[in-house]
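The values are calculated or read from the model by the stated rules, or taken from the named source; none is laboratory data. Please read all numbers here as calculations on a predicted model, not as lab measurements. Heads up, the Cβs are rebuilt from the backbone with ideal geometry, glycines too, and the neighbour counts pull from every protein chain shown. The accessibility values were calculated without ligands, DNA or RNA, using every heavy atom of the protein model including side chains. Shrake-Rupley method; radii C 1.70, N 1.55, O 1.52, S 1.80 Å.
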Amino acid sequence: MLGRTTNGGTRVKRRIRVGALLVCLALFFGLIPARAATELPADPALRALGDQRGLSIGTAVGAGSLANPAYAATVRTEFNVVTPENEMKWNSIHPEPTVYNFAGGDAIVAFAQQNGMKVRGHNLAWYSANPSWLITMCNDPTVTRDQAIAVLKDHIDTVVGHYKGKIAQWDVVNEALYDDGTLRAGCGTGQTPWGKMIGSDYIDLAFQFAHAADPAAKLFYNDYNAEALGTKSDAVYNLVAGLKQRGIPIDGVGLQMHFDLGAPSAADVASNMSRLNALGVEVGITEMDVRLFLPAGDAQLAQQRRVFHDMLATCLAAANCHTFVMWGFTDADSWIPSYFPGYGAATPFDSTYNPKPAYFGLRDALGMQTDETKVVEAENMSTKTVGASTLGGWELSANGEVGNYFPFPGGNTTITVVAKGVQGGGAWPTMDLKVDGAVVATFTVASSSWAPYSFTTAAYSVGHNVSVAFTNDYYAPPQDRNLFVDKVSVGSVVEAENTEVKSVGHAVTGGWELDQNGYVEHPAQFWTGGLFNFTVVASGTFANGAWPTLAVRIDQVTVGQVTVSSSGWQTYTVLGVAPPGRHRVSLAFTNDYYSPPQDRNLFIDSFSVAGAPTLTP
Ligand code: G3I
């Protein structure tokens, strides 16, 4: 401990942790090549995983709910597309014949744009949520078909025109069919006014008007109970086939998926997706939820997880499914309890924004490896049998490049490629390491044994694509390879600048690298809410008449500060409060620079958050 003291009990624990950390360091520096650099990327959110797979993954949102910071934070972290749950429906957006109210829809679109998300517009013609003036019109026998067409056209021109260029997909016609496959038409409950006032070709007209108003938006027919095979999905199929035959601009079919635990089989859903693909349309899962009878126990939550997982996996496996939207993401804010008395818990987050088993089912479907390694496999069978790469991984693309999306924890970050080469044509193979397609390092792989090749990046803080390009691997027909990649990993640098820190306590194995502001952030994120206890083990040096001070931050906002008034390792506890949700914790060194050459007088050994795993460098 180099002159620093601690008590005996703590020392034992620390020895164990020192041992574990030494192993980590050994792995980090490639001393154990076959399992080198097993640093886990931070848990990616659904959004990052969706981006990686080219999937729009999202939720219905309410403009009012977005004012809740915890709600908004989860939406922006987890999703890349939103659907206004009610704000673009006729009764909200067109409450009087000559009055349009865009406030709610505009707020959601602005939120989406600020956060780089897409928007699904919902909807332009439906049997429900119509303003009373439209029902009055429907009941007026003097209203002509042409007058009704003019009203529908004015609405679509105005609403789609208002959002032109801002809406990726519109649900143009919503729920036009009964469960027996017949067309809804009439002015009463559950009946579509347009079917009565215009006739069945209102559907053609609505799509044509929408396409004229925003040719770039993808146009969907959206319905429920038509996800798999059966009378209603046959009727939807026939409806879409007719639209396509008549040259009506329809791009997709929304499969709502308001399910309970008796959800249809994934195989039937896949068949339906496939036959719609053959018609030349996309499908999207547009309103998924899985309601449970309350109170829901572990068995029900596990079954719910399976349904969410299977439907997302089915979408990902389909050639024409690129959208997965849920009808609300938190049990705090779902339409289910008021429409299905006795039911609830229908979404992947509980009412305090904590992820439920269903959330992890979605992540699993998106290919998030829960294993400690992220594996890249070369095509060569011998590679597949090495180390953890038996788990499966990436194939080489035709141009000899492998890569994947990694979350970056922030701060300097080391990318490690474990590779081996075969000398061919008098040379060892070379490989380029790329971040987002740009070469950041080139290595000669001059060893026929697995070895780590590492490069430390600047402070990337968000996700990036990391790839390895095989620059000279083809050395003889039939295009055999002389370069093999076992793994690519991305991990934070775990060294403190000051050598003294490295030799103290379990910081002997490294500490956090400070950025220029004397700030460290742990890559791990945790889920919790309410009051937190942060426990920091730190030591300081009295300098310039003062002990150093240390700020604890959550999501980069200081929630507490302590004076580190001991040169021995001491435990400091800070009480913080934060909304429920996913957070990052960090420590800020508020006065640690006391003399050139910018040496430090504050040392951090570890910190942890009550209820969350201990975070150590
Ligand atoms: O905004 C008013 C509020 O001012 C009033 O005090 C309150 C009193 O009941 O009603 C509020 O409006 C409610 C609105 O949701 C907003 O909360 C309506 O009564 C209620 O009928 C409406 O329900 C929505 C329903 O569609 C009808 O538009 C649900 O939130 C919404 O989840 C549901 O969504 C539909 C999709 O659009 C289409 N597919 C099925 C899905 C579920 O039914």
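Output the number of residues of region 49-67 satisfying the condition of being within 16 Å of the ligand (Cβ to nearest atom) and either touching a helix residue (DSSP H, G or I) at 6+ places or on another chain (Cβ under 7 Å) or not in a strand (DSSP E or B) (or both).
8
When residue 212 is evaluated against the numbered criteria (1) among the small types (Gly, Ala, Ser); (2) under 29 Å from residue 165 (Cα atoms); (3) open to solvent by less than 60 Å² (accessible area, probe 1.4 Å); (4) part of a helix (DSSP H, G or I), which criterion, by number, is the only one it fails?
(3)
Could you list all residues from region 161-176 that are part of a loop (DSSP other than H, G, I, E, B) and either within 14 Å of residue 216 (Cβ to Cβ) or more than 13 Å from the ligand (Cβ to nearest atom) (or both)?
Within region 161-176, 163, 164, 165, 166, 167, 168 qualify.
So if I check each of 179, 204, which one is open to solvent by 10 Å² or more (accessible area, probe 1.4 Å) and within 14 Å of the ligand (Cβ to nearest atom)?
Testing whether each residue is open to solvent by 10 Å² or more (accessible area, probe 1.4 Å) and within 14 Å of the ligand (Cβ to nearest atom) leaves just 179.
Which one of these does residue 249 not meet: (1) open to solvent by less than 50 Å² (accessible area, probe 1.4 Å); (2) in contact with an Asp or Glu (Cβ under 7 Å, 6 or more places away or on another chain)?
All conditions pass for residue 249, except number (2).
Select from region 336-355 the residues that are of a type outside the set (S, T, N, Q), more than 19 Å from residue 81 (Cα to Cα) and at pLDDT 90 or above and list them in ascending order.
Within region 336-355, 336, 337, 339, 343, 344, 345, 346, 350 qualify.
Within region 335-352, take every residue that is of a type in the set (Phe, Trp, Tyr) and within 14 Å of the ligand (Cβ to nearest atom) and give me the one that is most open to solvent (accessible area, probe 1.4 Å).
The qualifying residue most open to solvent (accessible area, probe 1.4 Å) is 339.
Collect the residues in region 172-191 that are of a type in the set (Asp, Glu) and over 35 Å from the mean Cα position of the chain (by Cα), keeping them in residue-number order.
Residue satisfying the conditions is 180 alone.
Scan the helices (runs of 4 or more DSSP H) fully inside region 68-150 and keep the ones with 2 or more residues being buried (at least 17 other Cβ atoms within 10 Å of the Cβ) and within 14 Å of the ligand (Cβ to nearest atom).
In region 68-150, the matching helices (runs of 4 or more DSSP H) lie at 90-93, 103-114.
Out of region 310-334, which residues are surrounded by fewer than 24 Cβ atoms within 10 Å (Cβ to Cβ) and closer than 13 Å to residue 259 by Cα?
310, 327
Determine which member of the set 360, 329 is more than 16 Å from the ligand (Cβ to nearest atom) and among the aromatic types (Phe, Trp, Tyr).
Every option except 360 fails the conditions.
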